[in-house]
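Student: The structure that follows is given in the form of structure tokens.
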Amino acid sequence: MTRLLQTSGRGLAAALVLVIFFGTAPAWAQTPRDPSTQVLTAGEIAQAGIARFSDLFRLLDRWYAVSLDGYTYDASAFGLGALQENSWALLVDGQPVDLGALGQQTLNALPLALSAVDSVEVVSRPVLIHGVLAQGGLIHVHTHSPAEGATVRASISAGNEVGDPGPFRYTPFASPNIDRTGPVYEGAATVAGPGRHLRIHARADEHHASDERIRERVFVLYAGEKEPRLFVGAVAADGAVQGRLGRHTAYAGFSRFQDLAFVLPLGREVPRDQRLTHAGLRGEFFPGAATGLRYRVSYTGSDLAPRTSRTGIDFAWRQHRLRGSYEVHTAGAALGVVLGVSGDLYRSRSAYTLTDTGLFVPRAYGQVRMRPSPRTGADLTVHLTRTEGVLGYGALADVRLAPAPQHTLRLAGTVARAPYEAWNRPWLWVRRGYGFFGEEGARVNLPSSFDAESRLTLDASWTLRPSPRAALTVFGAFRRFTSQTLAAVTPRFDPATTAFDVRTALRPFVAGRVTAGGAALRLRLLPSLDQRLHYTYLRYPADDVVFFEAWSNQPWHRFSYTARFVPVDRLSLYARLGYTSASDWPAFDVTAQETSLYEADLPAYWLLDLAVQKRFWAERGRLHFGLRNLLNEPHRTHPAGAVTDLLFDVRVQLRFHTGG
Amino acid sequence: MEDVRFPALAATAIFLLGVLPAQGQAPEPFDFVEVRVSGTQNVHRSFVHEFWEHGSGGELAAATPFYLGQAEAGIALHRYRAAAPPVPDFDATLLFAGWGVGVEAGSRLRLDGGLRVGNYRMRFEEAAFTGSRNESELALGAVARLSVRPAGPLRVHVSGSYTKVHTFNRLKLWYLSAGLAYRFSSPGWLKSFLR
């Protein structure tokens, strides 16, 4: 019997190995993908129960994001920038979108419905795309190619975090109320014919800022009748025509975000009404020809209006941004060339007198794409800019080599220097006279001048594909920053309000290094089971105190395991287990000694998400139920932020299509 | 009683795993619907009972064959009466979905076990309270059911269930239930909708 069991065990192990490496599962597409790029398909986004754009950060293996309210995130892409910089770029269908308002980017303010998204491409190294040099990483949202005929999509999502007081709120054992997340409503309608389409979509979202760690602080300025809430409403439309002159797309969108943004120099949440208008035109002449012309023009208006508050606090800020790019590209079998010019024109408006309201950032760029053989390839890119009389440049090289069919090596490097003004950071406008922070009592020290920032990045990876169903990637990265301008903040706790009295000092000439690495394994044991393991390691030597303090809030180790199981065509199960190691927030050391409400050292945590999704009514309906943080580990990503426990969410999506 | 909750959930899980191999001859998904009506009785005391009396309630559920085992959805109504005023009375509604498996013993007897997840909505009878009178919370639970088919599509069942409502101080609730179930073939439109 023992021998039988041993034999069976060995047989089972051998069978498992065979299934892993030589099973009958369909092979993945063999197109080599840059390991620095993670692609989230609409299917994966739906299976994971993502109902908001900001929730995408949960799925990004190499990006790290923190939030105080669970809604607005500061993010860093694999060592490409400190969290305080938010230096990542956003594109929608190749078009740059500026969500930033005085340095804060709120992905949820994007005037787009998540149900219109076909995939999201996330790049974790510097890249030049459509004239945008994304030095801090890139999020590129691709919308669905409309199917011919008429299509209507609608969805509703809602969630609830556990830990409400329940009936015990009437007893001595009362605890703070914990509100739901959402609901999120979305709708989209599309009419499409051969080569043309018209699409409109809308989204409404609601979020509660009532966690007990932030609630009292929020109420310092919040003056609404009910519990503090954030509201987002967005509408957008786009249309395209294709003819002899090429394909051209026009789009326009508007979002209104009634926000309670934590403004660090003020040390508290500030009610504000952010209105974003985005419109543009893009197109390509002679698509498919050996030589083509691409153009993109867009306008973005960002307006920070006051929201009802106790003091009538008003950012009094409006910024208009015109952006354009024009490029010529040639494409051959072995060689492709892109040459282009682009420019950004900013115009700021404020009740405060600005010494100069304008900013112009012109650029010229060129790229050579070489494919001498199917196994080798190289992209060389040069990018030049001159802003406020300061020259900026960027040179990127990306080399791919496949010495054997199972092996792919990739090496990418960047040398870049960017004038501080080119980032459109808020401190530039403070120097020019934007007096909001000073008038509200913030203590901010600016340097005598802003220096151009330089950086060097290297990314290397080796991918092994022992079978079409398995891929192992080992990767490493190095970043060196010189002449950075970073904010050193010193928050002091105010027990009367639980807010902070913050001193902010902009420190120029900050330098530092970041080394990173990791490994990724993807397996398809069965046709219906897709598994992914990912580990990243990030280190930043303490050579420079300011640099180290700006980076030490990013954890050294992160691990994730993601499984998608589709046992039958219409049912899918999703699981994600993630580990994040501890992070330090030295700026909050003193605060943590003064109150137990905030912590300076955030402990490591494990998160387990499970979700089930059932399609119904033929292809029309999709019902999602998910449990997030099933281990119910109370965790926070920011020392002064909300704590998140177990929560569940439900999402119903409907899609109707006729014609085509 | 609270100490037995883990063994109870573990026993349910072991039962589900043990019964899974016997699901080979299961009917096609959504082939029929079984509607169950039950009366429920709370059968233990926990922390919540220091402030409220919680006795009988009712439950209405519909179950149908799933790809593996059975899926169910239903609603349960629970009433809580103040035992130590000034706390208010409140009614609770559990909207739940569940999944489970069962084994037939002979032609008339059946044993089922399953897990449930739902939303526990509480409505407080408190006129003076200025905040929301409603509150919702996640509920997770397990159920075991023994049913007998005396004749035709009708079944009689008794069941025991455990529900944990994830309020800050958890509501841990054990119930015994008894009721009737009626099974009918799913109409075509319902089958195509669910599939």
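Student: Taking 8 Å as the Cα distance limit and 6 or more residues as the minimum spacing, I'd like the relative contact order of chain A as a percentage.
Tutor: On the way: 1789 pairs, mean separation 79.5, N = 660.
Dividing the mean separation by the residue count of chain A yields 12 percent.
Student: Still on this structure, I have one more. About the Cα centre, and with charges only on the beta carbon of Lys, Arg (+1) and Asp, Glu (-1), how big is the dipole of the stretch A:488-646? Nearest 20 debye, please.
Tutor: Using only the charged Cβ atoms, the result is roughly 1140 debye.
Student: Set Lys and Arg Cβ to +1 and Asp and Glu Cβ to -1, take the dipole of the protein assembly as shown about its Cα centre, and tell me which of A:457, A:416, A:334 lies farthest positive.
Tutor: About the Cα centre, the residue reaching furthest to the positive side is A:334.
Student: What does the extension gain come out to for residue A:579 and residue A:561, with contour length at 0.36 nm per residue minus their alpha carbon separation? Before the final figure, lay out each step's value.
Tutor: Numbers: separation 18, 0.36 × 18 = 6.48 nm, distance 0.91 nm.
So the chain would gain 5.6 nm between residue A:579 and residue A:561.
Student: Find how many whole Å separate the alpha carbon centroid of the stretch A:499-553 from the alpha carbon centroid of the stretch A:403-430.
Tutor: Comparing the Cα centres of the stretch A:403-430 and the stretch A:499-553, I get a distance of 16 Å.
Student: Debye calculation, C-alpha points only, no solvent: report log10 I(q)/I(0) for the stretch A:76-190 at q = 0.15, 0.17, 0.19 Å⁻¹, in the same order as the q values.
Tutor: -0.84, -0.94, -1.04
Student: Compute the whole-percent fraction of alpha carbon pairs in the stretch B:32-112 spaced more than 21 Å apart.
Tutor: Details: 1459 of 3240 pairs.
Roughly 45 percent, rounded to a whole number.
Student: Hey, got the dipole for the stretch B:49-195? About the Cα centre, +1 on K and R Cβ, -1 on D and E Cβ, debye to the nearest 20?
Tutor: Details: 17 positive and 12 negative charges, 134 e Å.
So the dipole magnitude of the stretch B:49-195 works out to roughly 640 debye.
Student: Summarise the partner chain shielding of B:168-174 as one whole number: the mean count of Cβ atoms from other chains within 10 Å of each residue's Cβ.
Tutor: Details: counts 14, 9, 3, 3, 0, 0, 0.
The mean count of partner-chain Cβ atoms within 10 Å per residue comes to 4.
Student: Per the Kirkwood definition applied to all pairs of different Cα atoms, how many angstroms is the hydrodynamic radius of the stretch A:235-336?
Tutor: So the Kirkwood estimate lands at 16.7 Å.
Student: Under the definition of partner shielding as Cβ atoms of other protein chains within 10 Å of a residue Cβ, what is the mean value for peptide B:133-140?
Tutor: Numbers: counts 0, 0, 9, 5, 9, 11, 2, 5.
Taking all residues of B:133-140 together, the mean is 5.
Student: If you take the beta carbon distance between residue A:247 and residue A:388 as r and set R0 to 51 Å, what does 1/(1 + (r/R0)^6) give as a FRET efficiency, to the nearest 0.05?
Tutor: Details: r = 36 Å, r/R0 = 0.71.
Given R0 = 51 Å and the Cβ-Cβ separation, E is 0.90.
Student: Which semi-axes, in whole Å and largest first, does the equivalent ellipsoid of the stretch A:51-125 have when worked out from the alpha carbon gyration tensor as the square roots of 5 times its eigenvalues?
Tutor: Details: eigenvalues 63, 40, 35 Å².
Those come to 18, 14, 13 Å.
Student: Just want to confirm a number: the relative contact order over the stretch A:97-150, from Cα pairs under 8 angstrom separated by 6+ residues, in percent.
Tutor: Details: 56 pairs, mean separation 15.8, N = 54.
Taking the mean separation of contacting Cα pairs over the length of the stretch A:97-150, I get 29 percent.
Student: Of the options A:181, A:552, A:249, report the single residue whose Cα projects farthest towards the positive end of the charge dipole of chain A (beta-carbon charges: Lys, Arg +1; Asp, Glu -1).
Tutor: Farthest towards the positive end: A:249.
Student: Ratio of the stretch B:115-195's C-alpha Rg to 2.2 N^0.38 Å, to two decimals?
Tutor: Normalised Cα radius of gyration, the stretch B:115-195: 1.55.
Student: What do you get for Rg/Rh over the stretch A:390-501 if you use C-alpha atoms and the Kirkwood form of Rh?
Tutor: Rg/Rh for the stretch A:390-501 comes to 1.22.
Student: Calculate for chain A the 222 nm mean residue ellipticity that helices alone would give, adding -39,500 (n - 2.57) per DSSP H run of length 4 or more and normalising by residue count, nearest 500 deg cm²/dmol.
Tutor: Working: 7 runs with 57 residues, N = 660.
Rounded to the nearest 500, the figure is -2500 deg cm²/dmol.
Student: How big is the stretch A:549-660 on each of its three principal axes, counting only the C-alpha atoms and giving the largest first in Å?
Tutor: Over the stretch A:549-660, Cα extents along the principal axes are 63, 28, 23 Å.
Student: Same structure again: How are the alpha carbon pair distances in the stretch B:80-126 distributed across 10 Å bins from zero to the largest one, expressed in percent?
Tutor: That works out to 21, 26, 22, 19, 10, 1, in percent per bin.
Student: In whole angstrom, and with the biggest value first, how far do the Cα coordinates of the stretch A:174-247 range along each principal axis?
Tutor: Computed over the stretch A:174-247, the largest-to-smallest principal extents equal 67, 22, 20 Å.
Student: Viscosity 0.890 mPa s, temperature 25 °C: what is the translational diffusion coefficient of the stretch A:494-587 from Stokes-Einstein with a Kirkwood Rh over Cα pairs, rounded to a whole number of µm²/s?
Tutor: Working: Rh = 17.0 Å.
The Stokes-Einstein estimate is 145 µm²/s.
Student: Over the residues of the stretch A:188-288, compute the C-alpha Rg and express it relative to 2.2 N^0.38 Å.
Tutor: Numbers: Rg = 20.2 Å, N = 101, 2.2 N^0.38 = 12.7 Å.
Here the Cα radius of gyration is 1.59 times the empirical estimate.
Student: If you don't mind, there's one more thing I want to ask. So what's the stretch A:239-290 giving for Rg/Rh, alpha carbon basis, Kirkwood Rh from the mean inverse pair distance? Don't skip to the answer; put the middle values down first.
Tutor: Details: Rg = 19.7 Å, Rh = 14.3 Å.
Radius of gyration over Kirkwood radius for the stretch A:239-290 works out to 1.37.
Student: Along each of its three principal axes, how wide is the spread of alpha-carbon positions in the stretch A:340-379, in whole angstrom units, largest first?
Tutor: 59, 14, 10
Student: Okay, next question. Dividing the alpha-carbon Rg of the stretch A:129-176 by 2.2 N^0.38 Å yields what?
Tutor: Working: Rg = 23.4 Å, N = 48, 2.2 N^0.38 = 9.6 Å.
Working it through for the stretch A:129-176, the quotient is 2.44.
Student: If each of residue B:81 and residue A:407 carries a label point 7 Å out from its Cα toward its Cβ, how far apart are those two points in nm?
Tutor: The two pseudo-label positions are separated by 8.0 nm.
Student: Another question about this same structure. Give me the percent of Cα-Cα pairs in the stretch A:261-316 that sit more than 16 Å apart, rounded to a whole number.
Tutor: 63 percent
Student: Using only alpha carbon pairs under 8 Å that are at least six residues apart, calculate the relative contact order of the stretch A:367-435 and give it in whole percent.
Tutor: Working: 108 pairs, mean separation 16.7, N = 69.
Computed value for the stretch A:367-435: 24 percent relative contact order.
Student: For residue A:657 and residue B:190, what is the calculated FRET efficiency with R₀ set at 25 Å and r taken between the beta-carbons, to the nearest 0.05? Walk me through the numbers on the way to the answer.
Tutor: Numbers: r = 22 Å, r/R0 = 0.89.
Efficiency computed from Cβ-Cβ geometry: 0.65.
Student: Also, I was wondering about something else. With only Lys, Arg, Asp and Glu charged, each at its Cβ (+1 for the first two, -1 for the last two), find how big the charge dipole of the protein assembly as shown is about the Cα centre; round to the nearest 20 debye.
Tutor: Numbers: 91 positive and 76 negative charges, 510 e Å.
Here the size comes out at about 2460 debye.
Student: Picking from A:192, A:220, A:394, whose Cα lies most toward the positive end of the charge dipole for the protein assembly as shown (charges on Cβ: Lys, Arg +1; Asp, Glu -1)?
Tutor: Checked the options; the winner is A:192.
Student: Under Stokes-Einstein, with the Kirkwood radius over Cα pairs standing in for Rh, what whole-number D in µm²/s applies to the protein assembly as shown at 10 °C and 1.306 mPa s?
Tutor: Working: Rh = 29.7 Å.
The Stokes-Einstein estimate is 53 µm²/s.
Every read-out reported here was derived from the displayed coordinates using simple, explicitly stated rules and does not represent laboratory data. Computed from a predicted model, the values in this text were never measured in an experiment. Glycine gets a Cβ as well: all are built from the backbone with ideal geometry, and neighbour counts include every protein chain shown.
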